[in-house]
1. Using the per-residue mean of other Cβ atoms lying within 10 Å as a proxy for protection, in what order, highest first, do the peptides C:460-470, C:505-515 fall?
2. Cut-off under 20 Å on the C-alpha distance; same-chain residues fewer than 8 positions from C:LYS193 excluded. Which lysines are left, in chain and number order?
3. I'd like the Karplus ³J(HN,Hα) series for region C:393-401: coefficients 6.51, -1.76, 1.60, θ = phi - 60°, whole numbers in Hz, and an x wherever there's a Gly or Pro.
4. Shape call for chain A from the C-alpha gyration tensor, a ≥ b ≥ c root eigenvalues: rounded (a/c under 1.5), prolate (a/b greater than b/c) or oblate?
5. Starting from the Cα coordinates of the protein assembly as shown, work out the convex hull volume and express it per residue in Å³.
6. Arrange the peptides B:323-329, B:62-68 so that the one whose residues have, on average, the most other Cβ atoms within 10 Å appears first.
7. Roughly how far apart, in whole Å, are the Cα centres of region C:155-197 and region B:167-194?
8. How high is the relative contact order of chain A? Use alpha-carbon pairs under 8 Å, at least six apart in sequence, and give a whole percent.
Amino acid sequence: MAEAGFEPRIVAFLCRWCAGAGADLAGTSRLQYPPNAIPIRVNCSGRVEPSWVVDALRSGADGVLIGGCHPGDCHYMVGNYKARRRVYLLRKVLEELGVEPERVRLEWVSATEGARFARVMTEFVEELRRLGPLQGNGQG
Amino acid sequence: MTEKLEGMSPRSQENSPRTSDLSPVTHHPSLKLAVYWTGSCGGCDVSFLELGAALLDVLSKVEIVFWPALVDAKRADVEALPAGAIDVALINGTLRTEENREMAELLREKSKLIVAYGACAHLGGIPGLANLSQREEILAAVFGDGFRPTPPPGGSPEDAPPELLAAALPLSAAVRVDYVVPGCPPPPGLISRTFDALLGELPPTGHVFASEKALCEECPRTKEDRRLTKVVRPHELLPDPEKCLLDQGMICLGPVTRGGCDAACPKAGMPCTGCLGPTPNAGDQGLAMLSALASLVRAGEEGEAAFASEDKVLDAIVDPVGTFHKYALPATWKVPSSLRGGGSGRGGRP
Amino acid sequence: MFVCHCGKNIAGTVDVARVSEALARHPGVVYATHHEYMCSEPGQELLRRAIREHRLTGAVVAACSPSMHETTFRRAAASAGLNPYLVEIANIREQCSWVHEGPAATDKAIRVARTMVEKVKGNHPLTPVEVGHAEKCLVVGGGIAGIQAALDVADAGFEVLLVEKSPTIGGRMAQLSETFPTLDCSQCILTPKMVEAAHHPRIRLLTYSEVEEVSGFIGNYHVRIRKKPTYVNPDRCNLCGECAKVCPIRVPSEFDCGLSERAAIYIPFPQAVPSSYTLDEGSCLGLVPLRCGECAKVCEPRAIDFDMHEELLEEDVGAIILATGYELYPKEAMAEYGHGTVPDVIDGLQFERILSASGPTRGEVRRPSDGRVPKEVVFIQCSGSRDPELHKPYCSKICCMYTAKHALLFRHAVPDGKAYVFYIDIRAGGKGYEEFVNRAMEEEGILYLRGKVAKVFRDGDKVMVWGVDTLTGKRVEVAADLVVLAQAVVPTTGAPELARKLRAAVDAHGFLQEAHPKLRPLEALTGGIFLAGAAHAPKDIPEAVAQGSGAAAKAVAILSAPVLTHSPEVAEVDEALCSGCRICAPQCPYTAITVDEVAHVNEILCEGCGTCVAACPSGAMTMRNLSDVQVQSMIRAALSEVPEPAEVKGG
Ligand code: SF4
Ligand code: SF4
Ligand code: FES
């Protein structure tokens, strides 16, 4: 079903201190990137629940991005480590259920990495275009 | 989407199983009871025997209208009943065939109350793990390629075995369910609590006859060192009798599973596999446990240096879906083989 | 719903009229508009007026990043009677109009705004958490860092309890000879501060005392302190020293690092504060029943009181400063350097005592074994440091400097002596430090050899040192008279246990863990607990003093606040659902969670990260104003299709 001009839908859970601030910096630096992701701000990547990710996939998202601080930089010290382990295990479950694990991405983006944020977004959209729509997710 | 029962929240008044005082002294008009099995192992039917002597008491107060495992009555007999003629139908088993679904619908029509009895009817149960494969794959694996159900030699077309549904489903996917008695099979305490209610005062619709709190509350094991440095399978370890199994590396679903069984498995040194289903606010039982478990993993100091060893701990979980979604896969993941199950895999619902 | 144009910043890309029109039709939205500059006074007035006229129960401003104007709009809403926590910002500038183009930008802006509307619908009005607090400060450790912290807090007008486990304050600095790089006498600059602390009207000195138990939380700690009996009344003791003369006991002196002996009744050093003798019950022949009692017989002022008892003090304090200091990694752990069995192999602190005018040799450099003046002295840096295989992986930071000082002072004391320094690198980052080391290398005739010492052993009355000079590749052998090991700096024995009592984390080496390595270096992860000095990491004196003052400033910020306030957007437990499984508690970096039958979150300690919420398997732990249910509807609002415009309006 990988139709031409497919625009993947993405939900991006961004921690406010690093990834969210990095996204803001991409804005202040006017770095263009595809508009496919709708950001949802959380205090820390450690707040993101695996069920949210699945919920997003079931509600029409083709991919989910979780953006947190680099290891050692989490505003709450260790939230990103928990996020990492949760995503690692969740991706295994998704794979067993037949969902490409690449649809769920965890990325470290610091508040100074506006360019990195834009690049991550661009790459993720490209990857999802390659994977095509997540079928049976309510989109059709 | 998660098939959540409406109005699951009202809190159960009684949390302790009772078997002794089932009968109000006043004479009770007989309760017209049906017990039916769909895709079931039979364990649920046997589970009533666990009531022991109290079963006699129950039997003296009910009139069995339909119970294929006990009484010789046929589908036609049920069809002949007027709508609402049955007071309560306890249905166990997953919905796996067209016939299962038809029977569920028939009983719904004829019964005032429908009770999903046991993990399969409640959540889809262990047979629900078949949803990891497409229906065609299952049929091909069992009967060989190109299999189509046909009547036995010389039989009429309606003697053909029923079609397999596209997916195993919990009872609530086909009919409105009034109450749930969870468990694989339901533990005796909960069965007697259910009959108490059916023969006495009914709880609000949607009630699940189990605790609102997770099993840990009733588990006597001490919870101390909340970190998981290794994952072991039950056969690999003779657990310390006092300590929480999770702390010893066994994946125990107690924290995410309703109490009500008096922690029978953990008391016997076996981790909870989650048969009583998720607590009211847990959402997806498997994902909630996954999140908790991943949070607990530790391989030394948390940090980048530990990533590889943390992953190794998590890699020791053989079959994550079977571990985390042992009973609830159909209830939480509607389509077979995941979200992607477009086409033929797209759920069994009309 | 208020959509901001931000001049052309948003409106240049996003069709703001379309956003406002689409949101007007979103379920729950009763009012939607757009404005040139929402943050301007007229923009804020628009918000206030709409709140009053439409009795809004929530508002979303679609504008710039919440980090810019969240406070502005929340304040404006509050002044119109709307709880500020019911106002949210949808970021359609930094994360939308500035980075996207065309109709897709408008589509995204609508989705972003919708998610925030869904969030606001689930928000509850909240009020900031407030708690009172005690106005006293506890400082643990009476070294230079602790003294400085205590003085600063007391000078700011607050009561201080300064707890020190030995009989005197002063700490390591009191043991030092002269300090680098200026070579001023350590005791001379320290003792005035000790006296100042002792006489400060708001400092209560509790020497010979230990913190036994701590409970509570920021602003409201309850501490139990055990003060051991010294059996000498400090007000009466006139330091005549007669008692020590008659005492039959001799044990190694702690203050002189075992290089001299003291009696069972003793004063660590003449300028000790409080200035009094102390009877060390552990080495005394016996008090109950009294087996000797000679000291009391000769004490003229009758200062000695065998009936003195230990005291237990209970105090409420608002803040705690941990300055528990350091000790040296034991020589006994150094198999390669003789296991501590060679008498003329000593550690850096012992050499300080030898150099000190108040030391066992009165400042003359004599070696421990036979009291001879050593002519050939080898100094080994990084002994036990920077050695991840066998010892400590970290750099002890102060050794390069003090070794240079040692070698230099030795050369001054023994002009015909020869000093060798084995080093891996020289780290002299500090004001005047590099110059000081250069002086030692170039002007003082000290031989610096780059390389590791493989073996140190006794050979007759010499100590053989076998090493390699890695610059020349040659083996080096020195028949030394004395070897000084710059032993690694480690936390004081017992300090990690104390930290544990306070629920303040320690790192893998037992040093206190700061709340954030860059941004919160003075704070422990547990609120209201601050760090000072070498208990946190190896540090030199100026750094320890600076950190002491810094920690004091942090503590004063708590003590001087009328009440402690805290964001109410924190985690919360539904006790009816909590099973007491305890999975949440270890997730919390701030130890905000305690669990008995059910879990409890301390609202003051919780920073709202939400890690525990995501970990709670039964959904009993929730996050105020960011519940799972809210996020679920936000997800749906982000993903559901944007309906076609109802009618085309001008934009
Ligand atoms: S939200 Fe974070 S800071 Fe608050 S109690 Fe939970 S883990 Fe601790
Ligand atoms: S993790 Fe959840 S259920 Fe377990 S103790 Fe904490 S709040 Fe209670
Ligand atoms: S605050 Fe950014 S990941 Fe924790």
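1. Highest mean packing first, the order is C:505-515, C:460-470.
2. C:LYS165, C:LYS539
3. Calculated HN-Hα couplings, in order: x, 8, 8, 7, 6, 8, 5, 4, 6 Hz.
4. Oblate, since a/c reaches 1.5 and b/c is not below a/b.
5. 247
6. Values: B:323-329: 27.4, B:62-68: 17.4.
Packing proxy ranking, top to bottom: B:323-329, B:62-68.
7. 73
8. Value for chain A: 38 percent.
Read the figures in this text as sums done on the coordinates, not as results from a lab. Quantities reported herein were computed from a predicted structural model and do not represent experimental measurements. Here Cβ is always computed from backbone atoms with ideal geometry, including for glycine, and neighbour counts include all displayed protein chains.
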